[in-house]
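Undergrad: Below you will find the structure I want to go over with you.
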Amino acid sequence: MSSSSLLDSMVEALQVMPGIGPVSATRIAYYLLDRKRSEGLAMAKVIEQGLNNISICPHCRNYTDEKDQECELCSSAKRRNSGSICIVESPSDVMAIESSSSYSGNYFVLHGHLSPIDGIGPEELGFDVLTRRLKEENITEVILALGQTAEGEVTASYIAAIAKKLNISVSKIATGVPVGGELTSVDGNTLALSFNFRRKI
Ligand SMILES: [Zn+2]
């Protein structure tokens, strides 16, 4: 408890960040007040704008600035005609793959993986939208780029079954992605290799 209830509220609010506990939150709050007031205000404004406006692309479920509008990646005719769709767990995976310059096709973002214990099933992951895309678009290859975790594997098998039923070839990135690891922790070169050496499943 400090001498200011506003300061206490700042410290509490900052703890919403991952890995930030009371000690770090207090340090950040004092740092902003002592030295970075204008920068802190600018940051708060940008965060507010982002949280209020960033939406989910209805086509690939990646983040986009315009509500109900397709994102920039989906608007590319070259990507649309590529015939491939890469399935990832989170928007940050799309960013990681894009910075590796190893892939230039379509994406689909699940925003998680199958996890019945947390109430995350096919519906929450947008499998209806994905299945519709696989049926309606000229997709010839599904590339699974999910985390190499038990849940990621189960999710991959589920999607592979849907794709195979529609006679679409399914491959999976492999080399270099650590077991139990997240895609965002893999460097661009390793990720590029993973794409080049993807295997059919
Ligand atoms: Zn999109």
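Undergrad: Estimate the FRET efficiency between R35 and T184 by the formula 1/(1 + (r/R0)^6), using the beta-carbon distance for r and 22 Å for R0, to the nearest 0.05. Mind dumping the intermediate values first?
TA: Numbers: r = 30 Å, r/R0 = 1.37.
So, using R0 = 22 Å, E works out to roughly 0.15.
Undergrad: Per 10 Å bin, what percent of the C-alpha pairs of the chain does each bin hold, from zero upward?
TA: Calculated P(r), rounded to whole percents: 8, 29, 29, 19, 11, 4, 0.
Undergrad: Probe of 1.4 angstrom, ligands and nucleic acids ignored: what's the accessible area per residue over the range 61-200, in square angstrom? Could you put the intermediate results ahead of the total?
TA: Working: 7240 Å² over 140 residues.
Value returned for the range 61-200: 52 Å² of accessible area per residue.
Undergrad: In whole Å, what is the distance between the alpha-carbon centres of the range 97-155 and the range 1-41?
TA: Cα centroid to Cα centroid, the span is 37 Å.
Undergrad: Computed over the Cα atoms, what is the radius of gyration of the range 10-65 divided by 2.2 N^0.38 Å, N being its residue count? Write down the numbers at each step before the final one.
TA: Details: Rg = 14.6 Å, N = 56, 2.2 N^0.38 = 10.2 Å.
Taking N as the residue count of the range 10-65, the ratio is 1.44.
Undergrad: Hey, another quick one. Can you compute the charge dipole magnitude of the range 61-200 about its Cα centre, using +1 on each Lys and Arg Cβ and -1 on each Asp and Glu Cβ, nothing else charged? Give it in debye, rounded to the nearest 20.
TA: Details: 14 positive and 19 negative charges, 162 e Å.
For the range 61-200, the charge dipole is close to 780 debye.
Undergrad: Given only helices, namely DSSP H runs of n ≥ 4 each adding -39500 (n - 2.57), what is the per-residue ellipticity at 222 nm of the chain, to the nearest 500 deg cm²/dmol?
TA: Working: 9 runs with 94 residues, N = 201.
Value at 222 nm, helices only: -14000 deg cm²/dmol.
Undergrad: Say a paramagnetic label sat at a point 7 Å from the Cα of I47, along Cα to Cβ; which residues of the range 7-25 have their backbone N under 12 Å from it?
TA: In the range 7-25, the label zone of I47 (backbone N under 12 Å from the point 7 Å along Cα→Cβ) covers 10-18, 20, 25.
Undergrad: I would also like to ask the following. So what does S5 come to for accessible area, using a 1.4 Å probe and Å² rounded to 10?
TA: Ignoring ligands and nucleic acids, S5 comes out at about 90 Å².
The values are calculated or read from the model by the stated rules, or taken from the named source; none is laboratory data. Model, not experiment: these values are computed from the prediction. Here Cβ is always computed from backbone atoms with ideal geometry, including for glycine, and neighbour counts include all displayed protein chains. Areas reflect the complete protein model, heavy atoms only, side chains present, ligands, DNA and RNA absent. Shrake-Rupley method; radii C 1.70, N 1.55, O 1.52, S 1.80 Å.
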